[in-house]
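One structure below.
Only the coordinates and a few stated rules stand behind these numbers; no lab work does. Just so it is clear, the structure is predicted and the values come from calculations on it, not from any experiment. Heads up, the Cβs are rebuilt from the backbone with ideal geometry, glycines too, and the neighbour counts pull from every protein chain shown.
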Amino acid sequence: RLAEEARLVEEARLAEEARLAEEARLAEEARLAEEARLAEEVRLAEEVRLAEEARLAEEARLAEEARLATIEAARLAEEAARLSEQARLVEEARLDEEARLNEDSVVSGLSVNSINICESINVSLRKPVNAGKVFPMTLGRVYCYTAIQNTLSERTILYEWYFQGNYIDKIPVKVGRSNHWRSWTYKTIAKVQIGEWYVLIRDKETNIVLETAYFSISNE
């Protein structure tokens, strides 16, 4: 009987140990599951936070782009207005200069029928070749071609070359009595002389400017 009681007690102890071990296992599983749930919640919260930060950053970027676009549009509008005003003033100055030159030509007996800045001269035909307003620096030289009306005796005209508003050279050319006397001079362009140029045609005797031709040299 005592042996049976001891066996039953042992079985009960083992059963209790097994029950406690199972409870411990289930509690550990529950703890791990809770930790995993909390970790997932933290991960999802972090994803939400990062997504919100990215959204706010994108909104800020778009707002900055819109602000800069507005500033650029205002700048372009201001620049267009400035260029328009500058063009208007240049045109007014050109018309005033033309009127003055017409008056001066009556006084001097000389007038310029046409003036061209060009790449070269067809000497046999006495005509300009590739006339224009902009020339590449690689061209090396440019020509100023004129057709002049001279109602008086032989005169001397001056081709005055200016770069960036500064006097560079003066070349005298004799003009006979003619309704269409063609003549030209050229200027060698240095590599550092990229920019705005003009040539004055002046009557040497009266010092009257008969015509002005503007052009530019580019580095292309």
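Model label sites at R67 and L26, defined 7 Å from Cα along the beta-carbon direction, differ in position by 6.2 nm.
Charge dipole of the chain (Cα centre as origin; +1 on each Lys and Arg Cβ, -1 on each Asp and Glu Cβ, all else neutral): 3140 debye, rounded to the nearest 20. Near R13: Cβ cut-off under 13 Å, other residues only, Lys/Arg at +1 and Asp/Glu at -1. The net charge is -3.
Counting only Cβ charges, +1 for Lys and Arg and -1 for Asp and Glu, the dipole size of the stretch 1-67 around its Cα centre is about 60 debye.
Can you give the local net charge around V173? Use residues other than it whose beta-carbon is closer than 12 angstrom to its beta-carbon, Lys and Arg +1, Asp and Glu -1.
Values: positive: R155, K170, K174, R182, R202, K204; negative: E154, E160, D203.
The answer is +3.
Here the stretch 1-129 is assigned +1 on the Cβ of each Lys and Arg and -1 on the Cβ of each Asp and Glu. Its dipole about the Cα centre then comes out at about 980 debye.
Can you tell me the relative contact order of the chain? Whole percent, Cα pairs under 8 Å, sequence separation 6 or more. Relative contact order comes out at 17 percent. The computed volume of the Cα convex hull per residue in Å³ for the structure shown corresponds, within (i) 144; (ii) 171; (iii) 202, to (iii).
In whole percent, what relative contact order does the stretch 120-220 give with Cα contacts below 8 Å and a gap of six or more residues? Spell out each step's value before the answer.
Values: 214 pairs, mean separation 32.8, N = 101.
Here the relative contact order equals 32 percent.
Selection among S178, Y162, G109 by position relative to the dipole of the stretch 99-189 gives S178 as farthest towards the positive end (Cβ unit charges, Cα centre). For the cross-link pairs K174/K204; K170/K204; K133/K174; K127/K204; K133/K191, the ones whose C-alpha atoms lie over 20 Å apart are K133/K174; K127/K204.
What's the FRET efficiency of R141 with E91 using the Cβ-Cβ distance as r and R₀ = 35 Å, to the nearest 0.05? E between R141 and E91, to the nearest 0.05, is 0.75. When DSSP beta bridges are restricted to pairs lying wholly in the chain, around 95% turn out antiparallel. Springs join every pair of Cα atoms under 10 Å in this Gaussian network model of the chain, and among R155, R19, R61 the largest mean-square fluctuation is at R19.
Between the helical axis of 2-108 and the longest alpha-carbon principal axis of the chain there is an angle of about 10 degrees. Projecting the Cα atoms of N130, L32, S153 onto the charge dipole of the chain (Cβ charges, centred on the Cα centre) puts S153 farthest toward the positive pole.
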